[in-house]
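One structure below.
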Amino acid sequence: MKLLEINNIKKTFDDLEVLKDISISVEEGEVVSILGPSGSGKSTLLRCATMLETMDSGTMKYGGEYVVKDVDGKSVYASKREMKHFLHYFGLVFQNFNLFPHYTVLKNVIDAPIHTQKRDKAEVIERATHMLERMGLGDKLDYYPCQLSGGQQQRVAITRALAMKPKILFFDEPTSALDPELTGEILKVLRALAKRKMTMVIVTHEIEFARGVSDRVIFMDDGYIIEQGKPEDVIDNPENERVRAFLNKLSS
Amino acid sequence: MPLYEFGDIMKNIKKPSKNKGIIAIAVMATLLVPSLMTACGVSAEASDGFGWFFNVIVQLSDGMLASLELFALTLLFSMPLGLLICFARRSRFKIVELIAKFYISIMRGTPLMLQLLVVYFGPYFVFKVPLSTEYRFYAAIIGFSLNYAAYFAEIYRAGIEAVPGGQYEAAKVLGYTRRQTFMKIVFPQMVRHILPPVTNEVITLVKDTSLAFAIAFVEMFTLAKQISASESNIMPLFVAGLFYYIFNLVVSFVMGQIEKKMNYYSA
């Protein structure tokens, strides 16, 4: 089943066309990495998919339901009430975590499920505690984000997103604010999630990270998808000239 | 002679071991002495040092209470009003934003004393409402509140804008409504950002209450000037100065405690 389907999305900031006709779909249980140089539009694509940015034209479906329809070449979003429903369909993990600094680790994780999803408090707390323990943060429940390392903060952020029971989890460069040694920490978490068939879309420019976790790699450049396929094909035997140039620059 | 009372107070002051405790109690005591003494009907002769000092304080005590009242009520009204103006200033509707901007520029750009005069005499000149003595007090509170609300609005705005955009994005993705986002995520962080400038503003307000003399509202400074003039002695003015200083010590101490409380996290 296709959890996410984006068709012919276009997005322009002022005079700069950032996304020029992009279509992607993500199957249930699939892990997709989006690679590409800075300014290729990969973050904008993710921000459109998570509704932090509105697309100019194109359509988007979550779980087969239209979030954005195309009316005469213009994107038309679902009503405010329907959007609320779609917001709970996905989770997003930010580059710089964006944890709430005035909340403890546990409160960061449980507050939204209790207050925006109106779920049972006891159930949410129990599940959150369990998840944080599994993330190796069982002894940090009462800590504030500022008392944690970057890797720990990112694990809290991932737990916070997972606590909403999303069907898809998006990652916006989840390791670029971290030291290289902490990157491995997050990679391990993502691998564990992949093993449990969590559907994930990861924007990154760490090739090894993408290779290590994804079923499919999408390579973007200048607002287009220029190559996609299995990581071993796209990363090790790229057909496209620009992909090859980009990968060479990174490995040299 | 009230000297024995003074001694008792001094004894009480020495009890707590911590420094800040001593300051706090000393300050409270100084503020309480005048009302206590009035209550006990103590009156001292003006001849010797302490007696004279307490005499002045007794004479000033009504003014002190009036200043305190003015101070407290102004804060009570101007702080929430400032938040409303801040919302207007940040409104999506250009016209609302412009009105708020204009309001703030008038309040910050003209003398507070002039604003007090306008609030006090305005109703008389415009609507021919007869002036009354009681209205002086209300006029002072209205004038101060309107003026301070403008300053608070700008402080709040700075505090809100200091909350990173990522906090709003995280809140949005997690499904918080706009209202929830403000109440749960933005407001608590804003409060922390604004404490130091708010302390500044509150301290200024303590001293600014003396401007109420412009509309002949009898607060402490007005009294001090009268006593000073009638006794041909500058000391009552110094006593008044001491009052403001001690008052502000209390303000700094209290705000310092609140800041410490808010320091449970760092952004």
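No lab work stands behind these numbers, since they all come straight from the coordinates. On a predicted model such as this, the values are computed, not experimentally measured, just so you know. Positions of Cβ are generated from backbone atoms using ideal geometry, with glycine treated the same way; all protein chains shown enter the neighbour counts.
Quick notes
- Note on B:161-174: average number of Cβ atoms from other chains within 10 Å of each residue's Cβ is 6.
- With a cut-off of 14 Å between beta carbons, the residues surrounding A:Met1 carry a summed charge of -1, where Lys and Arg count +1 and Asp and Glu -1.
- Amide hydrogen proximity for A:Met200: with H placed 1.01 Å from N in the peptide plane, the residues at 5 or more positions away or on another chain lying under 5 Å are A:Glu30, A:Val31, A:Val32, A:Leu169.
- Proximity of backbone amide H atoms, modeled 1.01 Å from N, is registered between A:Leu4 and A:Val26, A:Gly63 at under 5 Å, excluding neighbours fewer than 5 places apart on the same chain.
- Neighbourhood charge, 14 Å Cβ-Cβ cut-off, centred on B:Ile215 and excluding it, Lys, Arg +1 and Asp, Glu -1: -2
- Shape call, the stretch B:63-158: gyration tensor on alpha carbons, a/c limit 1.5: oblate
- Cα gyration tensor shape for the stretch A:140-193, rounded if a/c is under 1.5, else prolate or oblate: oblate
- Computed from phi, the 3J(HN,Hα) profile of the stretch A:6-13 under the Karplus parametrisation 6.51, -1.76, 1.60 (θ = phi - 60°) reads 10, 10, 6, 6, 10, 8, 10, 9 Hz, with x in place of Gly and Pro.
- Backbone HN-Hα couplings from phi across the stretch A:37-48 [Karplus 6.51/-1.76/1.60, Hz, Gly and Pro as x]: x, 4, x, 7, x, 5, 5, 4, 4, 5, 5, 6
- For A:Asp222, net neighbour charge (Lys/Arg +1, Asp/Glu -1) across residues whose Cβ lies under 10 Å away: 0
- Within 10 Å of the Cβ of each residue in B:178-188, the mean number of Cβ atoms contributed by other protein chains is 2.
- Beta bridges from DSSP with both residues in chain A: antiparallel share about 60 percent, rounded to the nearest 5.
- Bridge orientation summary for the protein assembly as shown: considering DSSP beta bridges with both residues in this region, about 60 percent are antiparallel.
- Once backbone amide H atoms are built at 1.01 Å from N, A:Gly36 has A:Met220 as its partners under 5 Å, excluding neighbours fewer than 5 places away on the same chain.
- Applying a threshold of 27 Å to the alpha-carbon distances of A:Lys188/B:Lys184; A:Lys118/B:Lys94; A:Lys69/A:Lys118; A:Lys11/A:Lys167; B:Lys184/B:Lys260 flags A:Lys188/B:Lys184; A:Lys118/B:Lys94; A:Lys69/A:Lys118 as lying beyond it.
- For chain A, the 222 nm mean residue ellipticity estimated from helices alone, with every DSSP H stretch of n ≥ 4 adding -39500 (n - 2.57) and the total spread over all residues, rounds to -10500 deg cm²/dmol.
- Cα-based shape type of the stretch A:99-166, given that a ≥ b ≥ c are square roots of the gyration tensor eigenvalues and the cut on a/c is 1.5: prolate
- Residue-wise HN-Hα coupling along the stretch B:226-237, computed from phi with Karplus coefficients 6.51, -1.76, 1.60 (Hz; x: Gly, Pro): 4, 4, 4, 5, 6, 9, 6, 9, 7, 4, x, 5
- Of the residues B:Phe50, B:Phe187, A:Phe86, the one with the fewest other Cβ atoms within 10 Å heads the list, and the complete ranking is B:Phe50, B:Phe187, A:Phe86.
- Per-residue shielding of A:104-112, expressed as the average number of other chain Cβ atoms within 10 Å of the residue Cβ, stands at 2.
- Centre-to-centre separation between the Cα atoms of the stretch A:170-194 and those of the stretch A:47-114: 22 Å.
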